Amino acid sequence: MSLYLDHFGLREPPFRITPHTDFFFTGANRGPTLDALIYAITQDEGIVKVTGEVGSGKTMLCRMLLERLPEHVETLYLANPSLSRQEILGAIADELGIPTDGKATHSLTRALQDALIERYAKGRRVVLLIDEAHAMPAESLEEIRLLSNLESKATKLLQIALFAQPELDERLAATDMRQLRERITQHFNLAPLKQDDIGAYIEFRLRAAGYRGPNPFSAEAVTMIAKISEGLSRRINILADKALLAAYSNGRHQVGTAETRIAAQDARFSALKPKPATQLTPLFWGATGAAIAALLVALTLGTLPRTLVEVALGNVPPPSLQEQAAQPAPRLSPAPLRADPQAPADKIRFAPLTRQHFGQYEQWIVNAPSNHYFIQLLATDAAKTGEIEGFLARVTDVLDPAQIRAYRSSLSGRDRVGIIYGDYASREEAGEAMRALPESIKAAQPFPRQVSKLR
């Protein structure tokens with residue numbers, strides 16, 4: 001393997017299939033999805049569900065969550081989905097340092113609740129991440145529902161995130177699963193990468209592994225990899241790794257269709273099974289898996305360069321790494337997105353359009369009923385003034401400017417800005433309004449929130 005690395009000038013293998021967070025690809029909306037998940041887990045009170053085909057990157061996303069969640073969030077990770085309900089309680093108790101001592105289920109549940117209340121009183125949140133949730137027995141899924149009921153007078157004590165293959169949706173469609181299904185308030189789907197994304201993905205992994213030369217994969221090779229892999233990142237890794245090995249064996253530094261064909265013959269992938277005719281998707285959450293690509297508009301924490309915002313709205317194709325390198329600094333970032341330490345809150349200077357919508361919010365919030373709903377379009381760090389202004393400029397072209405408002409919040413411990421739209425008497429009305437939004441906005445997966453959440 002050392003000769004293989006030396007041949008291409010690599011520091012380490014670029015296409016390992018085991019999740020390595022240094023190789024987390026933020027393109028193809030994986031970065032915005034991660035930010036959206038962090039927001040949902042830290043701010044919401046329902047169960048979060050992430051689905052995707054085998055090899056789509058769910059475990060990598062889960063590992064990134066373990067790294068990126070705030071310090072006050074304590075994470076519990078369950079990798080074994082076949083545990084019984086008693087074993088699940090025991091595993092959680094063990095993670096929280098609670099002695100089980102042969103406790104019965106109800107006693108163990110009470111001990112868990114007491115421990116969670118104690119942590120909540122200290123300002124800590126507890127998040128349970130369950131991988132391969134589609135393989136859980138029915139009784140264990142029921143226990144997850146019961147755990148989601150643990151609460152204080154003001155809030156849920158345990159946040160739960162399920163990572164699963166699409167089969168989980170099929171299971172949740174059953175009548176006896178409706179109680180659990182209704183507790184899932186946020187749904188994310190990791191769609192397969194598109195061909196343009198795959199080219200950027202391959203190049204990013206090479207650069208992250210230390211490669212400094214021109215992209216060794218020809219456009220024809222990328223097209224072939226895209227078709228054979230069906231856009232699944234694990235398959236892309238396997239094909240790219242085998243294709244590089246084939247090129248090395250032939251003494252070549254370029255990967256073309258011949259090397260890719262050899263890699264495909266060696267991999268022998270089977271075709272994905274057809275997707276079910278219907279999928280569980282909340283009325284306010286958009287229609288297709290591809291729509292997850294624009295989650296940055298709905299929930300992103302504001303670390304996304306404007307270039308990717310434009311990509312999400314369908315205005316421009318994703319840039320190559322060479323194009324990004326030629327652009328100003330804000331557009332550079334194949335690395336994991338992180339919040340920028342910017343100027344203090346009182347030093348931030350907002351542009352006129354942003355200040356105008358701050359004013360519209362202040363006028364509206366005074367009399368807005370707490371049980372009304374609005375549509376959340378964007379949530380981002382206040383220091384990202386260029387992104388905020390650019391987003392406002394775009395949405396005011398397609399929405400009623402009088403119904404667009406901007407607010408500031410520090411609930412997450414950072415100064416943030418939210419962009420919201422409309423005022424509706426019920427969640428149903430908000431859902432109807434969302435279905436009437438322009439396609440570019442609907443594809444961005446905005447979501448409804450209650451006015452009380454702003455107070």
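Worth pointing out:
- The HN-Hα couplings worked out from phi for segment 124-139 by the Karplus form 6.51 cos²θ - 1.76 cosθ + 1.60 (θ = phi - 60°) are 9, 10, 10, 10, 9, 9, 10, 8, 6, 5, 5, 8, 6, x, 4, 5 Hz, whole numbers, x standing for Gly and Pro.
- Neighbourhood charge, 10 Å Cβ-Cβ cut-off, centred on Ala79 and excluding it, Lys, Arg +1 and Asp, Glu -1: -2
- The charge dipole of segment 161-259, taken about the Cα centre with unit charges on the Cβ atoms of Lys, Arg (+1) and Asp, Glu (-1), comes to about 260 debye, rounded to the nearest 20.
- Taken about its Cα centre, segment 29-190 carries a charge dipole of about 400 debye when Lys and Arg each add +1 at the Cβ and Asp and Glu each add -1 at the Cβ.
- For segment 1-50, size of Cβ-based charge dipole, Lys and Arg +1, Asp and Glu -1, in debye: 160
- Contact order for segment 361-455, expressed relative to its length and based on alpha carbon pairs under 8 Å spaced 6+ residues apart, stands at 45 percent.
- Using C-alpha pairs below 8 Å separated by at least 6 residues, the relative contact order for segment 29-190 is 38 percent.
- Length added when fully stretched, Ala154-Ala104, from 0.36 nm per residue minus Cα-Cα: 15.3 nm
- As computed over segment 29-190, the Cα convex hull volume per residue (Å³): 106
- Difference of contour (0.36 nm per residue) and Cα-Cα distance, Ala267 to Leu76: 65.3 nm
- Extreme residue, positive dipole direction of segment 29-190, given options Gly31, Ile130, Val50 (C-beta unit charges): Gly31
- Ranking of Asp35, Asp266, Asp415, Asp101 by count of other Cβ atoms within 10 Å, fewest first: Asp101, Asp266, Asp415, Asp35
No value in this document is a laboratory result; all are computed from the given coordinates. No experiment lies behind these values; they were computed from the predicted model shown. Cβ: placed from backbone, ideal geometry, glycine included. Neighbour counts: every protein chain shown.
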